[in-house]
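Structure, as structure tokens:
The values are calculated or read from the model by the stated rules, or taken from the named source; none is laboratory data. Remember, it's a predicted structure, so these values are computed and weren't measured experimentally. Because the Cβ atoms are built from the backbone with ideal geometry, glycine has one as well, and the counts that use them run over all protein chains shown. Keep in mind that these areas ignore ligands, DNA and RNA; they rest on the heavy atoms of the full protein, side chains included. Shrake-Rupley method; radii C 1.70, N 1.55, O 1.52, S 1.80 Å.
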Amino acid sequence: MLKIKNLHASVGDRQILRGVDLEVPTGEVHAIMGPNGSGKSTLSYVLAGRDGYDITEGEILFDGEEILDKPAEERAALGIFLAFQYPLEIPGVATMTFLKAALNAQRKARGEAELTTPDFMRRVKGAAEKLNVTQEMLRRPLNVGFSGGEKKRNEILQMALLEPKLAILDETDSGLDIDALRVVSDGVNALRSPKRSMLVITHYQRLLDHIVPDVVHVMSAGRIVRSGGPELALELEAKGYADYVGAAA
Amino acid sequence: MNAEPRILRTQAEDTFAAEYQAARARLPGGPGMAAARDAAFAAFQAAGLPHRRVETWRYTDLRALVRAVPPLAGEAPSDGAEFADPLPGLDRARLVIVDGVYRPELSDLSGLDGVAVQPMAALMEADDPRIGTAFARIDDPMVSLNAALMSGGVAIDVPAGVAIARAIEIAHVTTSAVGAYVRNAVRVGEGASVRIIESHVGRAGSAYQANIVTEASVADRAKVVWAKLQAEGDAALHIGSLAVTIGREANFDHLVLMTGAAIARAQSFVTFAGEQARAGLFGATMIGGKQHADILLSVDHAVPNGSSRERFKAVMDGRADGIFQGRIIVRPGAQKTDARMMTQGLLLSEEATFAAKPELEIFADDVQCAHGATSGEVDEDLLFYLISRGIPKAEAETLLVTAFLAEAIEGLGDEAIGEAFEKVAVDWLARRGNSANGTV
Amino acid sequence: MAAVQETVDQVRRIDVDQYKYGFVTDIESDRAPKGLSEDIVRYISARKNEPEWMLEWRLDAYRRWLTMNEPTWARVHYPKIDFDDLYYYSAPKSTKGPKSLDEVDPELLATYEKLGIPLREREILAGVEGASDRRVAVDAVFDSVSVVTTFKEELKKAGVIFCSMSEAVREYPELVRKYLGSVVPVTDNFYATLNSAVFSDGSFVYVPEGVRCPMELSTYFRINEKNTGQFERTLIIAEKGAYVSYLEGCTAPMRDENQLHAAVVELVALEDAEIKYSTVQNWYPGDKDGKGGIYNFVTKRGDCRGARSKISWTQVETGSAITWKYPSCILRGDDSQGEFYSIAVSNGYQQVDSGTKMIHLGKRTKSRIISKGIAAGRSDNTYRGLVSAHRKASGARNFTNCDSLLIGDKCGAHTVPYIESKNASAVFEHEATTSKIADDQLFYCMQRGLSSEEAVALIVNGFVKDVIQQLPMEFAVEAQKLISISLEGSVG
């Protein structure tokens, strides 16, 4: 599904990704762990197509297609979803309005018919109930005045509605207490499917107790420096990142 | 502002003209200075006394308010020693200006090692080209009038890298019913730090007119605290103007406290000339009776990455009129400017008034600018809460008003000066409490 | 970065073809000679068969106007207007009082159809039946003259008078004499005085005591003639306990030269009456180089004359090369209320200087101001407002919120509020912010599949939502679209 080859990216003069190689087959959940500043979030932004990064080398293939020259909205329509570490607030725009605009924009881009309002409402209602997202929250302006937990639940709700092929979860556990973490993880696990891949980016192992990955990668200084099974996460939890920080420098 | 030609002059304007003609020859300065004075007076004459149709003066119509013009200050009849210290208990060096003339023999310069203090009159005699440059782009008739009639003042130079711990007071004293035109200059060198206090007092009951213009520059990475106390005599006219440019990564904290004079106007023009500079600009007005106090603040973000905070509080009692006009300008290209201005008026009596005009003028998109303004009386709910806890009404009101003003005074961030200024506020409130009719 | 940049670039390339109302109707018209003099004033009055008192009123205004100067305090710049190079009167030739729509020039009907303004009552009814039972009565003003007013008979049954100003002068002289100029005095300002001398038509509304106007009233203004000044005069009177909601829309053809529009609107609300006045102003804004466009110099004022009366202004300003207007409320009656909701969008080289005045005279009077300014391209967008409480306005309240949004770094957004309180118990609160659309917000929307234009439109619609909600439902959707079009520039 996702193939990243020798990816180099920089911001201004600062080189952040220094040759990332990564492959996520269809249906697998991969985790990327690593110390602060290792380039994890940059990788997620570059995958989603955020401006401001210079890609100096390498390629990203999604379903065999090069996507680096595609704008963010086209990648979204192809099925790449990024759950933001810090979801943005848009005053005055009701969450419901936003969900409908996004869903229909993607359907339109894929040549599908727009959803009728009753059909849309049914889908939202179903997904929202599972994530404890209340009707009242859906009426409020997008993420404005939402708690940390509410924002993250809202991200997963969007993921459930948009049904992406590849979901990138950027530090989804940050700012969540243990109960909120469980709700969010359950929501993510419910979306696991043989047709959907996930890339879970996290600093801590605790999220991986809830969302158990097939493969764990360690990222340091802009590269994937080690890959292994779920046990690798436990090893990192015990020993910390010290070895990798030193090794990369 | 007003394109109509002016033909009629007021009697006061005619008197100014006569005074200027009579004094022209004896005012300090070389030939350069004399030409500059003539040009300045011509500019004043063309504009006349500012009036309500001059936008920046719309709430202080000097054409209507200034009826009589006192004679220009000559030899001072007193050295001002009889005036009480307006800031008792605050340690500071003092540069004393009496009736428009700097008096070294009355001054205390101890603790100012490395600082150059010169009489402004000497710089005028030398035709110092720096005089007037800070106001080159500011078109204001009262500044022009000062540029024509200025008799002296002080020039303070703090060299680069010098940190002066002791506060420096520029003390202005007006002893009789004269027109005093003071020009000061303060230049703070790169990385230097200094705390300036500007005080203004004068004889009670004396209808003097004090017009003080100060030119200041704060060089890169310098740090300046500047507090002005306007506690003029109750019949005075006070016009104070400050123009300051602040350099890269410099810090400028400025407080104006207005409590004296019959008619007072304080205008500050702050220009950001270097990036990453920060300014805190604060004002506190406490007036009663028939006093009229007008603060004008212009903050010019001419370069990117500047930040400024403005907080102005005004308390009006009796039949007093309090005014605040603030303008934040963000020039084209001054991206990442962060400016916030808050203005609040508190009316303590039925007949007091408050006017505010907090303006934003924004020409760059990546900025964060906001302003807020409120006007009202003491919050009844808060007052009731305090009274219900056993605090007598008058005391509760004083408490709330003090807290209201403190938000502006404490903004200065200088504990010693802040404390001394807060005492001025507390004393004003105590006097108000004591007077039977609620006026000061 | 690039997403914003893209929008900015598109805005910069603003394509005038976007202005879909820019066509000219080829119609014969009857014009007064160019220039302004007492004779022209007499000509206009005579053309309208006006009584002597009306002519005298006009002449008085004209003489006073000669002594006045154009105001210069607004933040707008334009070459000096040559008032002798304008036509002050133009009327479609065939409109000498059509008895019915059948007598109206078919070209005219086609024009309004093209603008989406149905004038045939039967069609209107057919069009909305089933969808909703809300109807809108329309007074169509073409150049300076009212060509047709719909639903007149039905309104008359309810006692509501809705007709052109010319008709009102002839048919209801006692009402016109009583109220005309009572809110905006003849000598109020340069443009209002000019309007008083030469106004050609406009709408007149009278809602009698206790009557709730059974439908929305609307006037649709269309400038067609070249070099012609537009001077409409609108007067709305709501008697005790009456209610009326009124909407005006404006469009004009694309012309290279600037055209002057100097209207006056007066509202009078007596005890317990309420007037809701909405404007969707979409005059031609000029081309991408700032050439042409309407000078929109308008005086609008409402007088809350009676206790507990209420006047609410809502405006969506997207058109005109220059907008200079301050719909205001005089809160004279105790407990009266004034509201001002505004969206002003400027793009290209447009200049907007707009806002309101809330003059609190009565006790416990309340006012609320919500202003949203959006500046793009090389435009300047100024909010200018006055809130004042006079000595007797005990317990007055005002809340003001004015926010500006900048799109691109070549435009300017300015806020000039005047706050004047002469009463201790008056409580005024004012807040203002300036911001831009954050790159992160745009990226977030695009990550969810929206294009950059859709993202900008979505965010802007969120920004203006508080004001859009104030519009009658039928117009809210149209206004939203209009804002998107105005900002898109060449997007399409």
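In a residue-by-residue description of region C:385-394, the property of being open to solvent by 10 Å² or more (accessible area, probe 1.4 Å), aliphatic (A, V, I, L, M), within 12 Å of chain B (Cβ to nearest Cβ) and under 29 Å from A:LYS151 (Cβ atoms) applies to no position.
Does region B:376-386 include one or more residues that are within 14 Å of chain C (Cβ to nearest Cβ), part of a helix (DSSP H, G or I) and crowded, with 17+ Cβ neighbours inside 10 Å? Yes - at least one qualifying residue is present in region B:376-386.
Tell me yes or no: at least one residue of region C:358-378 is open to solvent by less than 10 Å² (accessible area, probe 1.4 Å), over 26 Å from C:GLN469 (Cα atoms), within 12 Å of chain B (Cβ to nearest Cβ) and small (Gly, Ala, Ser). Within region C:358-378, none of the residues are open to solvent by less than 10 Å² (accessible area, probe 1.4 Å), over 26 Å from C:GLN469 (Cα atoms), within 12 Å of chain B (Cβ to nearest Cβ) and small (Gly, Ala, Ser).
For every residue, the table says whether it meets (1) β-branched (Val, Ile, Thr); (2) more than 13 Å from the chain's Cα centre (by Cα); (3) surrounded by fewer than 22 Cβ atoms within 10 Å (Cβ to Cβ); (4) closer than 21 Å to B:ALA370 by Cβ.
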| residue | (1), (2), (3), (4) |
| --- | --- |
| B:ILE239 | yes, no, no, no |
| B:LEU242 | no, no, no, no |
| B:SER268 | no, no, no, yes |
| B:ASN305 | no, yes, yes, yes |
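Those helices (runs of 4 or more DSSP H) of region B:1-92 in which at least 1 residues are farther than 25 Å from B:ALA177 by Cα and more than 14 Å from chain C (Cβ to nearest Cβ), considering only elements entirely within it, cover B:31-47. The set of residues in region A:13-26 being without any contact (Cβ under 8 Å) to a residue 24 or more places away in the chain and either out of contact with any strand residue (DSSP E or B) (no Cβ under 7 Å at 6 or more places or on another chain) or at positive phi (or both) consists of A:ASP13, A:ARG14. Of the residues screened, C:SER342 is not one that is surrounded by 24 or more Cβ atoms within 10 Å (Cβ to Cβ), touching a Cys at 6+ places or on another chain (Cβ under 8 Å) and more than 9 Å from every other protein chain (Cβ to nearest Cβ).
All conditions but one from (1) open to solvent by 60 Å² or more (accessible area, probe 1.4 Å); (2) over 23 Å from the mean Cα position of the chain (by Cα); (3) closer than 30 Å to B:GLY161 by Cα apply to B:ASP14; the one that does not is (3).
Taken over region C:44-54, the criterion of being among the aliphatic types (A, V, I, L, M) and under 14 Å from C:MET165 (Cα atoms) is satisfied by C:ILE44, C:MET54. What about C:ASN461, is it facing another protein chain (nearest Cβ under 9 Å), buried (at least 24 other Cβ atoms within 10 Å of the Cβ) and not in a strand (DSSP E or B)? Criteria not met by C:ASN461. Only one of the numbered conditions (1) assigned to a helix (DSSP H, G or I); (2) within 14 Å of chain C (Cβ to nearest Cβ); (3) open to solvent by 40 Å² or more (accessible area, probe 1.4 Å) is violated by A:ARG123, and that is (2).
For C:PHE443, the conditions (1) surrounded by fewer than 21 Cβ atoms within 10 Å (Cβ to Cβ); (2) modelled with pLDDT of 90 or more all hold with the exception of (1).
So is C:LYS156 outside any helix (DSSP H, G or I) and basic (Lys, Arg) or not? The answer is no for C:LYS156.
Return the residues of region C:288-314 that are in contact with a helix residue (DSSP H, G or I) (Cβ under 8 Å, 6 or more places away or on another chain) and closer than 13 Å to C:GLN351 by Cα; say none if nothing qualifies.
Of everything in region C:288-314, just one residue is in contact with a helix residue (DSSP H, G or I) (Cβ under 8 Å, 6 or more places away or on another chain) and closer than 13 Å to C:GLN351 by Cα, namely C:PHE297.
Residues that are modelled with pLDDT under 90, aliphatic (A, V, I, L, M), crowded, with 17+ Cβ neighbours inside 10 Å and more than 18 Å from A:ALA76 (Cβ to Cβ) occur at least once in region A:156-177. Whether a residue is more than 25 Å from the chain's Cα centre (by Cα), crowded, with 21+ Cβ neighbours inside 10 Å, more than 14 Å from chain A (Cβ to nearest Cβ) and modelled with pLDDT of 90 or more was assessed, and C:SER421 passes this test. Could you look through region C:399-418, keep only residues that are over 24 Å from the mean Cα position of the chain (by Cα) and open to solvent by 10 Å² or more (accessible area, probe 1.4 Å), and pick out the one that is nearest to the other protein chains (Cβ to nearest Cβ)? My answer is C:ASP409. Being more than 17 Å from A:PRO141 (Cβ to Cβ), modelled with pLDDT of 90 or more and of a type outside the set (A, V, I, L, M, F, W, C): is that true of C:GLU454 here? Here the answer is no, as C:GLU454 does not meet what is asked.
Before we move on, is C:PRO214 touching a helix residue (DSSP H, G or I) at 6+ places or on another chain (Cβ under 8 Å) and open to solvent by 10 Å² or more (accessible area, probe 1.4 Å)? For C:PRO214, the condition - touching a helix residue (DSSP H, G or I) at 6+ places or on another chain (Cβ under 8 Å) and open to solvent by 10 Å² or more (accessible area, probe 1.4 Å) - is met.
Among the residues of region C:424-436, just one is outside any strand (DSSP E or B) and open to solvent by 10 Å² or more (accessible area, probe 1.4 Å), namely C:SER425.
Checking each residue in region C:67-96 for being under 21 Å from C:GLY412 (Cα atoms), β-branched (Val, Ile, Thr) and either open to solvent by 90 Å² or more (accessible area, probe 1.4 Å) or modelled with pLDDT under 85 (or both) picks out only C:THR72. Out of curiosity, is A:VAL144 within 7 Å of chain C (Cβ to nearest Cβ), outside any helix (DSSP H, G or I) and touching a residue at least 12 places away in the same chain (Cβ under 8 Å)? So A:VAL144 fails the test. For region C:229-267, give me each residue that is out of contact with any helix residue (DSSP H, G or I) (no Cβ under 8 Å at 6 or more places or on another chain) and over 28 Å from C:PRO173 (Cα atoms). Residues satisfying the conditions are C:THR251, C:ALA252, C:PRO253, C:ARG255, C:ASP256, C:GLU257, C:ASN258, C:GLN259, C:LEU260. Residues of region C:287-305 being open to solvent by less than 10 Å² (accessible area, probe 1.4 Å) and either in a loop (DSSP other than H, G, I, E, B) or modelled with pLDDT under 85 (or both), which ones? Within region C:287-305, just C:GLY292 meets the criteria.
Please indicate, with yes or no, whether at least one residue in region C:426-439 is without any contact (Cβ under 8 Å) to a residue 12 or more places away in the chain and within 14 Å of chain A (Cβ to nearest Cβ). Yes.
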